[in-house]
Structure formats: C-alpha cells, structure tokens
Amino acid sequence: MTPSVHLLGAGVVSRAIAKDHLNHGLAVRLLDIDAGGLLACRDALAYCDADAPVQKMEPTSSLHYFDAWPKVPLSGVSLPDYRLVIESVPEEIGLKQRAFEEIARYQTCDAIYTTNTSTLSVNKIAADLDIYRRLCGLHFFMPVINRPAVELIVTQDVDQDVVATLHQHASMLGKDVIEVEDRPGFLVNRMLSPYLNEALDMLCQGVPSDRIENAAMKYGMPMSPLELIDTIGAKTMWQAGRVYWQAFPDRVNPNPLVPRMLKVKRLGRDWGSGIFDYESGVRSESVSDEMQRLVERYAVDSVPHTDDQVQARLAIPMFIEAELAMREEVVESFEEINIAMEGGLGYKSKPIWTDWFESRGSSWILSSCDEFGDVSPAMRLPDWLRDRLSRTA
C-alpha cells in the first residue's frame with residue numbers, strides 16, 4: 001500500500017515534516033533526486049525497517065523514494081482518502097516547478113500539491129504548471145513537532161476543495177491553520193525578519209548575547225533569537241531576510257553577519273556551528289570564538305541599552321509588522337496573529353501576545369520608538385499608527 005502523503009525533498013525540513021506525520025500515525029513516502037540523501041534521511045528517521053529499500057520511481061524517472069511507516073498507526077480516524085504532495089526542495093522557483101512536473105507524472109488527477117516555501121510567491125510557483133488549480137502553500141515552522149500551526153497560502157486560482165482538504169489535513173496533525181495572502185514573507189516570516197535583524201544589530205552594537213537571550217525569554221519567546229537563527233539555518237535566514245528587505249527596504253538595514261556566516265560555512269545547528277557551536281545538538285553557552293571575531297569586525301559604535309530597551313527593540317518591530325499586515329489584509333484578524341506567534345514562533349507568555357502590548361501601553365511603544373528610531377528603521381512608526389497610539393497614550 002502506498003502512503004497517501006508524499007514528501008518531495010529529503011533535507012532537514014522535509015525530514016522534520018516526515019517525523020511530525022509519523023508521530024501522528026501517518027505513513028509517508030519521501031522522494032528526492034539524490035538516492036544517497038534519501039538513504040541518510042531513512043536512517044535518521046528510524047521509523048521504518050532499516051532495510052527499507054530506496055527505489056527509483058521507474059527507469060526513466062529522476063526521482064528515488066522510500067516509504068516510512070509509523071510505529072503506532074493512526075487509530076480512531078479514517079486514513080486520508082486523498083493523495084497529498086508536500087514539496088520542500090531548495091528555494092528556487094525553477095527547481096520547485098521541475099520537481100512538481102516530475103512528481104505529477106505519478107499522481108492521480110485529483111492529487112493535492114503544496115509547497116513548503118517560506119520565501120517565494122506561491123502564485124509564481126503555480127503559474128506555469130498544469131496543476132495550478134491543485135496547488136497551495138503549506139508552510140511548516142521549525143521545529144515542526146513543537147509548532148502547532150501552519151500557514152496556508154491560498155493561490156488565486158486554486159479549487160476550494162483543495163483548501164478544505166488542507167484544513168482537514170492540518171487538523172490531523174494537531175495544527176491550527178493561519179490562512180494568509182500570498183504576500184512577501186507571508187505573516188510569520190514578515191514579523192520574524194525584523195526581530196532577528198534587530199538581535200544581530202544589537203549584538204554588533206555591544207549588547208551581550210546573554211542579555212539578548214534573557215530579554216527574548218522574558219518577552220515570551222522560547223529561545224534566544226540568535227539561537228533561532230541557527231535553528232532556521234543561515235541559508236534560509238538569508239533567503240527570508242532578502243525577501244523582506246526587497247519588499248520593505250525602508251524598514252530594515254540588513255545586518256552583514258548572516259551573509260558572512262554563509263561564506264565561512266557557519267550554517268547553523270544542523271551543521272554543528274552557527275552563531276553558537278553545537279556538539280550533539282547541544283549549544284555552547286556563549287557566541288563562538290570565530291563568530292565573536294565576525295561580530296567585532298562588523299561592530300558599530302556601542303549603543304547603551306537597559307534590559308527593557310533590549311526587549312523593546314525585539315518586540316516592537318514585530319508589533320509594527322503585525323499592524324501593517326492587518327492594514328494590508330494579509331490576515332483577517334488579530335486572532336490569527338496570536339496563533340502565528342504562539343503556534344508558529346512558540347510565544348508562550350501570558351497574557352496573549354496582543355494583550356502583552358496593551359499591558360505595556362502606548363506610551364512605552366512611543367517613547368521606545370522615539371529613542372531608537374534614528375538607530376533602527378524597524379523602530380520607526382508609520383504616521384497613522386503613531387497618531388492612533390498618541391490618542392491612547
């Protein structure tokens with residue numbers, strides 16, 4: 001029996017998506033053009049028979065595959081009666097389109113196709129494909145097993161039965177769906193990009209990494225933003241940051257550390273080194289010596305920060321982006337933004353995220369932006385938002 005869920009790509013993210021499906025009792029077929037990469041992925045999953053063969057789709061195909069079966073099959077719920085493809089190959093439109101064209105040869109006409117892209121326009125990916133009415137974005141967040149939300153990016157021509165089925169599938173994985181417009185950064189990465197860039201800027205301005213971490217944790221985030229960069233990976237971080245900067249050039253000055261990390265091969269946690277060093281997945285207490293030399297290379301004049309000001313520079317850019325996303329109708333409600341923060345980014349403070357800003361008050365936001373607006377574009381309030389906050393300060 002062929003699994004209903006087909007994962008296209010055998011990289012770190014696809015492996016994480018596979019584990020999440022297997023943990024929820026759903027078998028998966030993993031496919032890639034690289035048979036060696038599939039073997040490594042198969043061994044890392046450790047859910048299927050160690051001798052499970054990696055096979056070719058057919059002699060003329062470029063795709064190899066293996067099937068992974070959960071230790072505890074799904075019970076109490078009917079198995080999916082649809083064929084779902086989740087693509088997670090490198091972030092290049094042409095590469096993704098060729099991957100979809102190849103796998104579509106082996107699917108039924110009513111199969112559903114999704115891309116896990118975090119940076120590319122889903123409409124552009126779908127545009128030149130025969131399957132464009134059956135394709136959406138389905139963006140999982142890392143670490144997938146700990147993030148109970150997904151972004152569903154609905155393309156302009158997609159069939160509505162596809163949208164309904166993807167809601168159903170997310171529910172089988174225990175995930176809330178954030179349905180978003182196909183705009184740069186969608187919602188979560190749009191809010192995340194300035195947050196991470198501010199952390200890097202403060203590091204270069206002399207704020208110690210442990211103070212950045214403590215401020216983020218006190219704010220409600222599950223880990224240091226610097227560690228999150230390592231978790232995401234420098235390449236994905238650079239790609240997502242580039243999309244944000246190109247779309248909103250007046251709201252960020254891209255920090256030079258991430259492209260430099262790519263050049264010196266400090267690629268992140270899964271590669272053993274990023275901003276921190278990692279041994280068996282365990283993070284070093286402080287920024288690595290090599291990374292500290294890079295920080296010093298790109299250091300700017302020291303900017304004194306209190307702990308509250310560090311927190312302000314992390315939190316307020318996310319608040320500004322959320323307000324802009326609502327104004328631009330990227331999402332329909334602040335409830336979806338709260339789901340994005342909690343289910344997508346692991347925010348866990350009480351009260352809920354939007355109420356946290358209510359508790360800090362408009363005066364705090366205004367004074368923080370006045371203090372750091374000249375230092376960071378991300379701390380500059382749009383006029384309409386400043387006017388609204390001034391009325392309640």
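The values are calculated or read from the model by the stated rules, or taken from the named source; none is laboratory data. Note that the coordinates shown come from a computational prediction; the quantities given were computed from them, not determined experimentally. Heads up, the Cβs are rebuilt from the backbone with ideal geometry, glycines too, and the neighbour counts pull from every protein chain shown. Surface accessibility is based on the protein's heavy atoms, side chains included, excluding ligands, DNA and RNA. Shrake-Rupley method; radii C 1.70, N 1.55, O 1.52, S 1.80 Å.
The sole residue among GLU358, GLU371 that is at pLDDT 95 or above and open to solvent by 70 Å² or more (accessible area, probe 1.4 Å) is GLU371.
Yes/no per residue for (1) at pLDDT below 95; (2) in contact with a strand residue (DSSP E or B) (Cβ under 6 Å, 6 or more places away or on another chain); (3) surrounded by 24 or more Cβ atoms within 10 Å (Cβ to Cβ); (4) part of a helix (DSSP H, G or I):
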| residue | (1), (2), (3), (4) |
| --- | --- |
| PRO3 | yes, yes, no, no |
| ARG15 | yes, no, no, yes |
| HIS21 | yes, yes, yes, yes |
| LEU38 | yes, yes, no, yes |
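Is it the case that some residue within the stretch 216-224 is within 21 Å of the chain's Cα centre (by Cα) and free of Cβ contacts under 8 Å to residues at least 12 places away in the same chain?
yes
Kindly establish whether ILE145 is of a type in the set (A, V, I, L, M, F, W, C) and modelled with pLDDT of 95 or more. Against the criterion (of a type in the set (A, V, I, L, M, F, W, C) and modelled with pLDDT of 95 or more), ILE145 does not qualify. Residue count for the stretch 233-268, restricted to those that are touching a residue at least 40 places away in the same chain (Cβ under 8 Å), of a type in the set (D, E, K, R) and either in contact with a strand residue (DSSP E or B) (Cβ under 8 Å, 6 or more places away or on another chain) or open to solvent by 50 Å² or more (accessible area, probe 1.4 Å) (or both): 2. Residues that are exposed (fewer than 15 other Cβ atoms within 10 Å of the Cβ) and under 19 Å from the mean Cα position of the chain (by Cα) occur at least once in the stretch 146-163. Checked against (1) of a type in the set (A, V, I, L, M, F, W, C); (2) in contact with a Phe, Trp or Tyr (Cβ under 9 Å, 6 or more places away or on another chain); (3) farther than 30 Å from GLY185 by Cβ; (4) open to solvent by less than 80 Å² (accessible area, probe 1.4 Å), TRP69 passes all but condition (4).
Against the definition (over 20 Å from GLU198 (Cα atoms), in contact (Cβ under 8 Å) with a residue 40 or more places away in the chain and surrounded by 18 or more Cβ atoms within 10 Å (Cβ to Cβ)), how does ARG283 come out, yes or no? When the stated conditions are applied, ARG283 passes them. Of all residues in the stretch 309-346, those that are open to solvent by less than 20 Å² (accessible area, probe 1.4 Å), at negative phi and not in a helix (DSSP H, G or I) total 2.
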